[in-house]
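As structure tokens, the structure follows; a few thoughts come after it.
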Amino acid sequence: MSISFANPTVNSASVRSLGRVLIPLLTGLVAYLIFLSLGEILLRDSDTLWQIRIGQWIVENGAVPYTDVHTFTRFGEPWMSSSWLSQVLYAVSYQSLGWAGPVILTSLAIGATVTIFMYLFADYLDPTRAILLVTLAVLESATHFLARPHMLAFPFMVAFLGGLLAAADRRSAPSWWLLPVLAIWANLHGGFVLGLALIGPIGLEALWSCERKDRIRLTMQWAMFGVAAVAACCCTPYGWNTLIGAAKILSLGKLLSMIWEWMPANFATWSFFEFTLLGLIGLGFYRGLSLSVPRIILLLGLLWMALSHSRNIEIFAFIAPLVVAKPFAEQLGTLRTAMVPVREGQSRAPVVILAALAVAVAGWASTQVFIAHHPFSFLPSQTPVAAVDVLQKRQAQRIFSTSPFGGYLLSRDIKAFIDGRAELYGEQFVLDYFDAVTAKDVNILLATLDKYQIDATLLGPDLPATKVLDHIAGWKRLYTDDIAVIHVRDDQRKAAPSSAPGSPN
């Protein structure tokens, strides 16, 4: 009778093989369920409304837009949607499940992002530290977690940039499987240009740390990947114009400092980002973290982006840890190099697949139970339902409204004055709009009302322009509630649409 003992090294590696997949999946499931249960916080931005309407238009027409058809101020002007696929997904989910659809879709994206992030950290940190890190990243980013296209692109961004950094850590060329990931990202959101921009700096890290004899070969491989990545980004209905359309938002100049998500980070008041940033700086000093020059450049670039524009905080929160993961793990002594033997890994594959299916079934069942007893609703302050009902009864055609209300007007198939597509309107138009609604220059307000032959206004009750219109001859307050105020021309004259600038006629 022979007695055999299992190899503890192989068993340990097998357990790690399972944990490498299951722990990220379970963490992602928890993140998904948390945001599903808090669904209304994802439905607080009016941009969601016009994103869905454009997605509906794409589905209805079977084509992507090349000109604007939703406003009377820019009707017929060239415009491309850099987020067409996300808009379609949101529109289809909304059509199928009401507001539960966009909430589920966005929560899935958050869960997928957390799963990918945890998976990328499997070789660098133990699960406890990785969960703590991803929790910090989520809390830093939560203010920008909204039912909008950037969220659907987020897991693809983390997967693509994480894949590039993993290749740099291995001192090898990036996997060609990253190109389909980039192509999907390019169809979901215009932020894919960040992926293109970081190929060079991350590739520099791979060259910096590789053997001298390998540098020429590795340089050629990264250069070929960069060229292929540009081509992958053009695998959209717009082709090469995708690159131009995505970069157009960056040409808005002064306007970027007036849109909340493009404003610089504000440390005048306490924020979780400030707390985390200072903590990480302190930790780096305490541990004496040493980075290569390319990693320092990457880290400083990500930090500059986060400080310059608040919307980039989530990029810093999820990508900066990946930049420092390997050197930090080496210093902590948590870097793991043991790999599961090929046959052992293959034998565990069915178990991993079954466990992944179990996680998916658990998530699906939890979703069905929750949405059956919890109807979701959009933020009421962004949806002036009663006021728009009044405007429709009056058959108002040219309504001067705020940008958030513009999104709701589009959702009601009413052509808007302005919505959240700043790149469509251009810098000067939006600056004049801000001056008008804030009554910074009353002459601009009056000139805007006359230029576009406005027959009704739809503004918030606390806006300066609302109070000014109460005292301007030729205008009278028609309707008021807690969300919106309507003013109409006192003499009841309606502007002739055919003679007004930007008329669809």
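Derivation of every value follows stated rules applied to the coordinates shown; laboratory data play no part. These numbers were taken from a predicted model, which means no experiment stands behind them. Reconstructed Cβ throughout: ideal geometry from the backbone, glycine too, with neighbour counts over all protein chains shown.
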Report task. Mind checking which of Met157, Val30, Leu307 is farthest towards the positive end of the stretch 8-360's charge dipole, using Cβ charges of +1 (Lys, Arg) and -1 (Asp, Glu) about the Cα centre? Result -> Met157
Query raised in the report: With each label point set 7 Å from Cα along the Cα-Cβ vector, what nm distance links Ser381 and Met305?
Result: 3.0 nm
Report summary line: One would report the antiparallel percent of DSSP beta bridges in the chain, rounded to the nearest 5, as 70 percent
Query - Least to most buried among Met263, Met80 (fewest other Cβ within 10 Å first) - result: Met263, Met80
**Report entry** Translational diffusion coefficient (Stokes-Einstein; Kirkwood radius from C-alpha pairs) of the stretch 154-305 at 37 °C, 0.692 mPa s, in µm²/s
**Finding:** 188 µm²/s
Report task. Taking a cut-off of 16 Å between Cα atoms, list the aspartates and glutamates near Lys326, but don't count ones fewer than 8 places away on the same chain. Result -> Asp123, Asp126, Asp169, Glu205
Query raised in the report: Relative contact order for the chain using alpha-carbon pairs under 8 Å, separation at least 6, rounded to a whole percent?
Result: 20 percent
Query raised in the report: Dimensions of the stretch 384-499 along principal axes (Cα, Å, largest first)?
Result: 33, 33, 31
Requested in this report: Starting from the coordinates of the alpha-carbon atoms of the chain, obtain the Kirkwood hydrodynamic radius over all distinct pairs and give the value in Å to one decimal.
Outcome: 25.2 Å
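Go through 164-174, 275-285, 121-131 and give me the packing order, highest mean Cβ count within 10 Å leading.
Highest mean packing first, the order is 164-174, 121-131, 275-285.
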Requested in this report: Kindly express, to the nearest 10 degrees and within the range 0 to 90, the angle between helix 47-61's C-alpha long axis and the longest C-alpha principal axis of the chain.
Outcome: 90 degrees
Requested in this report: Place the peptides 309-322, 393-406 in order of packing, highest mean first, counting for every residue the other Cβ atoms within 10 Å and averaging per peptide.
Outcome: 309-322, 393-406
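Any idea what the dipole of the chain comes to, in debye rounded to 20, about its Cα centre with Lys/Arg Cβ at +1 and Asp/Glu Cβ at -1? Show your work: numbers first, answer last.
On the way: 36 positive and 34 negative charges, 208 e Å.
Roughly 1000 debye, rounded to the nearest 20.
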